[in-house]
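Undergrad: I'd like to ask some things about the structure below.
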Amino acid sequence: MDFDYPVIFTRNALSPENPALSNVLRRREPDKQPRLVAVIDSGLALARPELSWLIQAYADHHGLILAEPAVVLPGGEVAKNGPQVVEACLSLMHRGKIDRHSYLLALGGGALLDAAGHAAAICHRGVRLVRLPSTVLAQNDSAVGVKNGVNAYGLKNFIGSFAPPWAVIADFRFLESLEPRDRRAGLAEAVKVAAIRDEPFLGWLEDHADALAAFEDAPSFEMIRRSAQLHLRHIAEGGDPFEMGSARPLDFGHWSAHKLESLTNHALRHGEAVAMGMALDTLYSAATGLLPKDDALELCHLIKRLGFRLYDPAMALRGGNGRRLLLAGLTEFQEHLGGQLTLTLLAARGQGIEVHEMDLKRLEGCITRLAAMDGPP
């Protein structure tokens, strides 16, 4: 089957003068009056309380049918830690008589988009989803992909679905409402995709690290576009968009990041955990001779320059048997896809390599070294 969807970068997507949203709703049926409902991340709604009104005004101006008033739902990881957000989206679509030719608009961060996307995927076996990501991480990574999901049984994305969106509209205006910590968190996914796929982009990130850490507009928007393009290229050309194999080739640093999120009860942002996970896997790549040591140190230095920590005390937690709890992330990472354990490490700058095992003793040493390297940039 062939899938296609536009990813649009713009500003003020809900201004009546901006036709982007109206155009994507009509891209297959230009003569039909689109019917839609909308959900808004509570954090975004707090920063932009006028959004519900703007959605209604936009619908009126462009001849759209907003079947129900926009609903504000919890954002952040709490959106994925129970069934409430999915059920609220399903109820909204039911009240609005949304069908397979209608739309769910989801405005917010990656967690809300994941939950809303899963609701859209299971409603009538597939309602058209339009994502309007409001965070750096969502705009440069998660929102442009084909995954949806929620957490369950203490596991990340245990319940979920693969369902390409109808469209993605990244509105740079939304980023103005973010706290510095949330703007920074999204930088980790740009480093990730550059480190394993694009050495020139990695060099660009190093050249612009200080500007990115200061959230300067022009380099920030360039970073988001280039990162999103690399993620889309993998989905379109990587040969396994729905992860039918045993590999998750864009999840460098994620086996430990997902475990760190749960070990800290999500006190760590996803991007913060990914930064630590990348640093750990980078040191391990060097320790096993895959990556030159100088390259490993340069990448860890870049992560610190962008404002991330390399280590969290949760990495030191141990169970009753003395085993480091973080290491359970390897098993959980494998179980999520099944098949052979497959991890992405680094063979060179901009070049990932798949491995199928890790030396736990050597990994322990890398964790200890990471703790010693942590500190201010």
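Undergrad: Which of Lys32/Lys156; Lys32/Lys147; Lys156/Lys192 have a Cα-Cα distance over 31 Å?
TA: Too far apart for the 31 Å limit: Lys32/Lys156.
Undergrad: Continuing with this model, one more query. Given charges of +1 on the Cβ of Lys and Arg and -1 on the Cβ of Asp and Glu, with all other atoms neutral, how large is the dipole of the stretch 180-373 about its Cα centre, in debye to the nearest 20?
TA: 600 debye
Undergrad: When 1/r is averaged over all different Cα pairs and the result inverted, which Kirkwood radius in Å belongs to the stretch 180-373?
TA: Evaluated on the stretch 180-373, it is 16.8 Å.
Undergrad: What distance in nm separates the two pseudo spin-label positions at Ala371 and Asp359, each 7 Å out from Cα along the beta-carbon direction?
TA: Here the answer is 2.1 nm between the modelled labels.
Undergrad: What is the extension gain from Thr331 to Glu179, computed as 0.36 nm multiplied by their sequence separation minus the C-alpha to C-alpha distance, in nm to one decimal?
TA: Gain on stretching Thr331 to Glu179: 51.3 nm.
Undergrad: Also: Rounded to the nearest whole Å³, what is the per residue volume of the convex hull around the Cα atoms of the chain?
TA: Details: hull volume 48.2 nm³, N = 377.
Per-residue hull volume (Cα only) is 128 Å³.
Undergrad: Next up: Tell me the label-point distance for the pair Glu216, Arg305, using the 7 Å Cα-to-Cβ offset, in nm and rounded to one decimal.
TA: 1.3 nm
Undergrad: Let me ask something additional. Got the relative contact order for the chain handy, in percent, Cα pairs under 8 Å and 6 or more residues apart?
TA: After rounding, I find 14 percent.
Undergrad: Quick check on the chain: helices-only [θ] at 222 nm, where DSSP H runs of length 4 and up contribute -39,500 (n - 2.57) each and the sum goes over total residues. Nearest 500, please.
TA: -13500 deg cm²/dmol
Undergrad: Out of Ala296, Ala214, Ala228, any idea which swings most in a Gaussian network model of the chain, alpha carbons joined below 10 Å?
TA: Evaluated over the chain, the most mobile residue of the options is Ala214.
Undergrad: Compute the angle between helix 110-122 and the longest alpha-carbon principal axis of the chain, please, reported from 0 to 90 degrees and rounded to the nearest 10.
TA: For 110-122 against the chain, the angle is about 60 degrees.
Undergrad: Can I ask one more? By counting other Cβ atoms within 10 Å of each Cβ, how are Phe162, Phe174 ranked from fewest to most?
TA: Result, fewest neighbours first: Phe162, Phe174.
Undergrad: Counting only C-alpha contacts under 8 Å and six or more residues apart, can you give the relative contact order of the stretch 1-61 as a whole percent?
TA: 36 percent
Undergrad: Round to the nearest 0.05 the FRET efficiency obtained for Asp294 and Gln229 when R0 = 25 Å and r is the Cβ-Cβ distance.
TA: 0.30
Undergrad: Fully extended, how many nm does the chain gain between Arg323 and Asp2 (0.36 nm per residue separation, minus their Cα-Cα distance)?
TA: Net length gain for the segment: 111.0 nm.
Undergrad: How do Leu92, Leu232 rank when sorted from fewest to most other Cβ atoms within 10 Å of their own Cβ?
TA: If I rank by nearby Cβ atoms, fewest first, I get Leu232, Leu92.
Undergrad: Okay, which of the stretch 319-335 sit inside 20 Å, backbone N to the point 7 Å along the Cα-Cβ direction of Asn265?
TA: Within reach of a label on Asn265: 319-320, 325-326.
Undergrad: Here's another thing I want to ask about it. Just to be sure I understand the model, the point goes 7 Å from the Cα along the line to the Cβ. What's the resulting Thr10 to Phe242 distance in nm?
TA: 3.0 nm
Undergrad: By how many nm would the segment from Gln33 to Lys97 lengthen if fully extended, with 0.36 nm per residue of separation less the alpha-carbon distance?
TA: Details: separation 64, 0.36 × 64 = 23.04 nm, distance 1.44 nm.
Separation in residues times 0.36 nm, less the Cα-Cα distance, equals 21.6 nm.
Undergrad: In percent, what relative contact order does the stretch 7-177 have, based on Cα pairs under 8 Å that are 6 or more apart in sequence?
TA: Worked out over the stretch 7-177, it gives 26 percent.
Undergrad: Another question about this same structure. Could you tell me the center-to-center distance, by alpha carbons, between the stretch 346-377 and the stretch 25-72 in angstrom?
TA: Measuring centre to centre over Cα atoms gives 45 Å.
Undergrad: Would you look at the GNM of the chain, springs on alpha carbons closer than 10 Å, and say which of Arg125, Arg197, Arg183 moves the most?
TA: Judging by the Gaussian network model, the answer is Arg125.
Undergrad: Restricted to Cα positions, what overall size does the stretch 7-177 have along the principal axes? Three whole-Å values, descending.
TA: Sorted from largest, the Cα extents of the stretch 7-177 read 45, 35, 25 Å.
Undergrad: Next question, about the same structure. If packing is taken as the mean number of other Cβ atoms within 10 Å per residue, what is the order of 256-268, 27-39, highest first? Provide the component values of the computation, followed by the final result.
TA: Numbers: 256-268: 20.9, 27-39: 16.1.
Listed from highest to lowest mean packing, they are 256-268, 27-39.
Undergrad: A further question on this structure: Any idea what angle helix 328-337 forms with the longest principal axis of the chain, computed on alpha-carbon atoms, 0 to 90 degrees, nearest 10?
TA: It is inclined by approximately 40 degrees.
Undergrad: Rounded, prolate or oblate for the stretch 195-267? Axes are the square roots of the Cα gyration tensor eigenvalues, ordered a ≥ b ≥ c, and the cut-off for rounded is a/c under 1.5. Walk me through the intermediate numbers first.
TA: On the way: a/c = 2.35, a/b = 1.23, b/c = 1.91.
Oblate.
Undergrad: For the stretch 249-323 and the stretch 92-118, what is the separation of their Cα centres, given in Å?
TA: Going from one Cα centre to the other spans 33 Å.
Undergrad: Specify the angular offset, from 0 to 90 degrees and rounded to the nearest 10, of the alpha carbon long axis of helix 270-287 from the longest principal axis of the alpha carbons in the chain.
TA: Tilt of helix 270-287: around 30 degrees.
Undergrad: Here's something else I'd like to know. Going by amide H atoms built from the backbone, whose H comes under 5 Å of the H on Tyr103, apart from near neighbours?
TA: Long-range HN contacts for Tyr103: Arg35, Leu36, Val37.
FYI, it's all coordinate maths here, none of it is from the lab. Just so you know, these numbers come straight off a predicted model, no measurement behind them. Positions of Cβ are backbone-derived with ideal geometry, glycine not excepted, and every protein chain shown enters the neighbour counts.
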